[in-house]
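Here's the structure we're looking at; comments come further down.
The values are calculated or read from the model by the stated rules, or taken from the named source; none is laboratory data. All of these numbers come straight from a predicted model, not from anything done at the bench. FYI the Cβ positions are ideal-geometry reconstructions off the backbone, even for glycines, and counts take in every protein chain you see. Remember, those area values only see protein heavy atoms, side chains included, never the ligands or the DNA or RNA. Shrake-Rupley method; radii C 1.70, N 1.55, O 1.52, S 1.80 Å.
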Amino acid sequence: MSARAPASLAQQHARLLVAVFILFELLVATAVLGFLMVPMARRSASDLAGLMVLSAQTWSELPPVTRPAFEQELATTHLLALRAAPPLHDRDEWHGPYLYFLEAALAERTGQPRHLSREWIGEEEWFWTALPSGTGHISVGFPIRRVDVQPLAALFLSTLAGMALAVLAACWLAARTNAPLARLASAVARLGRGETPQLLDESGPRELATLACRFNAMARQVQELLAARTILLAGLSHDLRTPLARMRLALTLLEERPSPKTLQRLEQDVEEMDRLIGNVLSLARGLHGEGAKELALQPLLAELAAHAPPGRVAVNCPPIQVHAAPQGLRRALANLLENALRYGGDGPVELVASRQAGTVRIGVLDQGPGIPADQLEAVFQPFHRLEASRSPRTGGAGLGLAIVAQLAQANGWEVKLQPRPGGGLMAWLEWPEPGAGVVPAQPV
């Protein structure tokens, strides 16, 4: 047995609007009945009761010759009739609310209970009651059309019309909402198939515009990831070809004439391939964030400087405690420091750190040739190299800064490169830390 399909957006909106309208109609009807219609009905019934009692008393006081004219005036002007015959029934019958108000008003004016008796005269419904007139009684009646109000019918018709309007409004709202949702569903399906979807229009209601904006940002990120993956695989396959070719040549030479030099070259090629694959794996792992911990920054920078050639790295860091991912921060700073030592010439490299206005800044400053301004963003792409402009020597695989960028993105840091005044390059890692504190100084 198949599961029941969920209701459409139009159906859900229609049900909700109909329920809200019915509740609103009931509240309005209750307020109108309690504060408007019931007081007006009581006052109208009291006025009609007074007119009926006055007509009965006046009829008995008039001369017999003028009574027909008086009866004609009552019938024409007030839709009231007088007759000598008593009502057909003298018992309480079921009436509408207004007639009960009229019976109560007649009883209040005459001092005795009065009941309205229903009679059919021709095809018209009449109501009669016996009222005091002189020394006797006279029947006073009126047709139902004189007091024929139908509040229940009015409530029913207004509710029915409101429900119809609610359904139409729900369909209109659903159509207005479904159009951008349908475009979003189509774009998501295309993105899931690996295609490049057209970016959505970010106008319209705030919620839909925000959703479209988030989807566009996600689509751009997915395209960037796909492009980075393509570049990564292409660069890896390209860079592996060179050591593989040298290894093939070395194996051929080993068969003909074994030598320690050829074995050493073969071992260097294996190490180069291992380093390249390790860098690619590090780049892939950089997409996953590491848990942040409290750590002292000064010892970390001192440890990185200790692994550099003697006298090449100077540390300028106050004793501050930071909240960051230890391994990710160590790897990012090590890559920046390695780049500065490789491409920054023979001059000293500085590791500096500070905190200002709750922002931690760690910089790696070298005195090399720097990076052209139009390449400051491109160098973060995998396998993008600038050996020709940075150094005459051959560089690495072109993954160091790409790994730093991935680590920064995964941990919420900001990495940027800036020209250094006087020559050189400044590489900065920054992130906000409003709750960080200062710890006692430690020796470098």
*Kindly provide the Kirkwood hydrodynamic radius of region 1-121 in Å, to one decimal, from all pairs of distinct alpha carbon atoms.*
18.7
*For region 81-128, report the convex hull volume of the alpha-carbon atoms normalised per residue, in Å³, without decimals.*
93
*May I ask you to list the GluC sites (Glu not before Pro) in region 102-162 that are in a DSSP loop and have at most 16 other Cβ atoms within 10 Å of their Cβ?*
Glu123
*For region 107-211, alpha-carbon Rg over 2.2 N^0.38 Å*: 2.55
_Stretch gain in nm, segment Glu123-Glu73, where the contour uses 0.36 nm per residue and the Cα spacing is subtracted_ = 15.7 nm
*Take peptides 320-333, 246-259 and line them up by average Cβ neighbours within 10 Å, highest first, as a rough protection proxy.*
320-333, 246-259
*Heavy-atom accessible area per residue, region 301-364, 1.4 Å probe: how many Å²?*
41
*So what is the relative contact order of region 293-335, in percent, for Cα pairs below 8 Å that sit 6 or more residues apart?*
55
_Projected label distance in nm at Leu165 and Thr359, using a 7 Å step from Cα toward the beta-carbon_ = 5.5
*asked:* Please report the accessible area of Arg220 (heavy atoms, 1.4 Å probe, ligands and nucleic acids excluded) in Å², nearest 10.
replied: 110
*Just in region 88-168: which chymotrypsin sites (Phe, Trp or Tyr not before Pro) are loop by DSSP and have at most 14 other Cβ atoms within 10 Å?*
Trp94
_Below 8 Å between Cα atoms, with a sequence gap of 6+, how large is the relative contact order for region 49-166 in percent?_
29
*Return the distance in nm (one decimal) between the two label points of a simple spin-label model at Ala154 and Val20, each offset 7 Å from Cα along Cα→Cβ.*
2.6
